[in-house]
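Structure first, then comments.
Each value in this text was obtained by applying a stated rule to the coordinates, not by laboratory testing. Please read all numbers here as calculations on a predicted model, not as lab measurements. Here the Cβ is made from the backbone with ideal geometry for all residues, glycine too, and neighbour counts use every protein chain on show.
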Amino acid sequence: MRREHFTLDVADVDWIETDGEPKKPSVTIDFDGSGPDLESRLTGPDGELLAGEETDVALRLQGPVESGASGVVSVTDRLTGDFVLELNVDADDVITFIRAARGYGERSNDDEGRYEVTIRVEGEELLTYEKRTFLVYDDEGSLLRQHSLIPGGVEL
């Protein structure tokens, strides 16, 4: 699966710039390749699709965050560390998304998650996760805590 087969769209993030009413941010990852290939990567050893707590979402920057860098968003299998999918993104959009998810978590009583991830295959929903963590790494692989979404009480 190639990165070019994936697109990312974010929603409900504009309120963070205007200090508006908090809305749970969502990200949709659309795949236009082979559905069975993606589905097999998202399937655990029990034959079921991986649950939200069995996956991690991260952004790996390809330059300094201050310079409008691009990056790679990845979804990985938490147990094996295998990459489920990767896609190229504009890092500024993802950083804004993470700020909105952090703001939503701080201003709401939503214990389920700070944001929602939907993965679709050619427009058809495959799965949706409620997530609380989104890690950001610099181009050398170091965790950028100030840009990451890390729930309180979580040690990394």
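Taking the stretch 38-75 as the range and being outside any loop (DSSP other than H, G, I, E, B) and either under 13 Å from Ile119 (Cβ atoms) or of a type in the set (Lys, Arg) (or both) as the test, the residues that pass are Leu38, Glu39, Arg41, Thr43, Leu49, Gly52, Thr55, Val57, Arg60, Val73, Ser74, Val75. On the stretch given as the stretch 103-122, residues that are part of a helix (DSSP H, G or I), in contact with a Lys or Arg (Cβ under 8 Å, 6 or more places away or on another chain) and either closer than 25 Å to Gly44 by Cα or not small (Gly, Ala, Ser) (or both) total 1.
Is it the case that the stretch 33-44 has a residue that's farther than 14 Å from Leu135 by Cβ, surrounded by 13 or more Cβ atoms within 10 Å (Cβ to Cβ) and basic (Lys, Arg)? Yes - at least one qualifying residue is present in the stretch 33-44. Outside any loop (DSSP other than H, G, I, E, B), of a type outside the set (A, V, I, L, M, F, W, C) and either surrounded by fewer than 19 Cβ atoms within 10 Å (Cβ to Cβ) or under 11 Å from the mean Cα position of the chain (by Cα) (or both) - does that describe any residue in the stretch 81-88? Yes, the conditions are met somewhere in the stretch 81-88.
One residue stands out among those in the stretch 123-153 that are touching a Phe, Trp or Tyr at 6+ places or on another chain (Cβ under 7 Å) and part of a loop (DSSP other than H, G, I, E, B): the one that is surrounded by the most Cβ atoms within 10 Å (Cβ to Cβ), which is Ser148. Residues in the stretch 1-33 that are within 12 Å of Thr118 (Cα to Cα) and assigned to a loop (DSSP other than H, G, I, E, B): Pro25 only.
Condition test on Glu66, is it in contact (Cβ under 8 Å) with a residue 24 or more places away in the chain and not aliphatic (A, V, I, L, M)? No, not satisfied.
Gly52 meets the conditions (1) surrounded by 11 or more Cβ atoms within 10 Å (Cβ to Cβ); (2) under 25 Å from Ser142 (Cβ atoms) in every case but one. The failed one is (2). Annotation note: Cβ proximity below 6 Å between a residue of the stretch 8-23 that is closer than 20 Å to Glu130 by Cβ and a residue that is among the aliphatic types (A, V, I, L, M) (sequence gap 6+ or interchain) occurs for Leu8/Ile29; Leu8/Leu87; Leu8/Val89; Val10/Val27; Val13/Ala100; Ile16/Ala100. Identify all residues within the stretch 44-75 that are over 22 Å from Glu4 (Cα atoms) and either touching a Lys or Arg at 6+ places or on another chain (Cβ under 9 Å) or among the hydroxyl-bearing types (Ser, Thr, Tyr) (or both); write none if there are none. Selection gives Leu50, Gly52, Glu53, Glu54, Ser67. Does Ala100 satisfy the criteria of being crowded, with 16+ Cβ neighbours inside 10 Å, of a type in the set (A, V, I, L, M) and part of a helix (DSSP H, G or I)? Spelling it out, Ala100 is indeed crowded, with 16+ Cβ neighbours inside 10 Å, of a type in the set (A, V, I, L, M) and part of a helix (DSSP H, G or I).
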